[in-house]
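Visitor: Before we start, here is the structure in question, set down as structure tokens.
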Amino acid sequence: MTFYGTVVLIHIFSAIIGMGPGFILTIVAKTGNTMTELRHSYKIRKKLHMFVMIGGLLLLITGLTMGFLNTILFHMGWYVTSLVLFLIALAMGPVVLGPASKPIKALLESHKGEEIPEEYYRLSKILFRCEHFENGIFIVIIALMILKPF
Ligand code: HEM
């Protein structure tokens, strides 16, 4: 197998290991029905997010490596579009998702009792909307990777 082939292999494994858990983060949070369950759901999310971070980083490193090994890729529309979309999705972490999840984490720590307050549903609606948008970006990237349409 060529070096390029090995990089493609790592890239595809990273996509499965990193993106798979990423797509279920929202569902995991939605399964909590009491404050104890909700805290546990967010603990699971934190662990799953590790896969997303490692897989995502590997996707970017291997994707760029393929570009440097085969520089014609930098002139391909699907490649450049995916790279830009990926960087937007990456920036959404600290710019959008971080600030949206901060008040939720504070609420999970401070709230007393088992009943989930209305405030949580209001805050989580905003966070989940951002997460759905981010998932949409990843679906577009996956489609571009496979179809390479332009
Ligand atoms: C959400 C992020 C990403 C996912 C899920 C993903 C997934 C995939 C998959 C499944 C393939 C195999 C498609 C096929 O050959 O039929 C692929 C190929 C490829 N990806 Fe990605 N990718 C992602 C991000 C990136 C980024 C950011 C870059 C560039 C910096 C990149 C560069 C490439 C290249 C060059 C190939 C073609 C390999 C080849 O067949 O020669 N990918 N990607």
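Since every read-out is calculated from the coordinates, none of them should be taken as a lab result. Given the structure is predicted, the values throughout are model-derived calculations rather than measurements. Virtual Cβ from ideal backbone geometry, glycine too; neighbours counted across all protein chains shown.
Visitor: Going through region 119-140 one residue at a time, which ones are more than 16 Å from the ligand (Cβ to nearest atom) and free of Cβ contacts under 8 Å to residues at least 12 places away in the same chain?
Guide: If the condition is that a residue be more than 16 Å from the ligand (Cβ to nearest atom) and free of Cβ contacts under 8 Å to residues at least 12 places away in the same chain, then Tyr121, Arg122, Lys125, Arg129 are the ones that fit.
Visitor: Look through region 10-60, keep the residues that are polar (S, T, N, Q) and either in contact with a Phe, Trp or Tyr (Cβ under 7 Å, 6 or more places away or on another chain) or not in a helix (DSSP H, G or I) (or both), and return whichever of them is nearest to Ile142 (Cα to Cα). Give the steps one after another, and end with the answer.
Guide: Taking region 10-60 first, the residues polar (S, T, N, Q) are 14, 26, 31, 33-34, 36, 41.
When the remaining residues are screened for being either in contact with a Phe, Trp or Tyr (Cβ under 7 Å, 6 or more places away or on another chain) or not in a helix (DSSP H, G or I) (or both), the result is 26, 31, 33-34.
On the way: Thr26: 19, Thr31: 27, Asn33: 33, Thr34: 35 Å.
Among those residues, the one meeting the criterion is Thr26.
Visitor: Within region 38-58, is there a residue that is in contact with a His (Cβ under 7 Å, 6 or more places away or on another chain) and surrounded by fewer than 17 Cβ atoms within 10 Å (Cβ to Cβ)? Write out each step before concluding.
Guide: Just the residues of region 38-58 that are in contact with a His (Cβ under 7 Å, 6 or more places away or on another chain), to begin with: none.
There is no residue in region 38-58 that is in contact with a His (Cβ under 7 Å, 6 or more places away or on another chain) and surrounded by fewer than 17 Cβ atoms within 10 Å (Cβ to Cβ).
Visitor: Continuing with the same structure: Using the structure shown, decide if Tyr4 is of a type in the set (Phe, Trp, Tyr), within 13 Å of the ligand (Cβ to nearest atom) and in a helix (DSSP H, G or I).
Guide: yes
Visitor: Suppose we filter region 73-114 for residues that are in contact (Cβ under 8 Å) with a residue 12 or more places away in the chain, more than 13 Å from Leu60 (Cβ to Cβ) and within 17 Å of the chain's Cα centre (by Cα); how many remain?
Guide: 5
Visitor: Here is a check on your reading of the model: is Ile61 closer than 30 Å to Gly5 by Cα and within 13 Å of the chain's Cα centre (by Cα)?
Guide: Working: closer than 30 Å to Gly5 by Cα: yes; within 13 Å of the chain's Cα centre (by Cα): no.
No.
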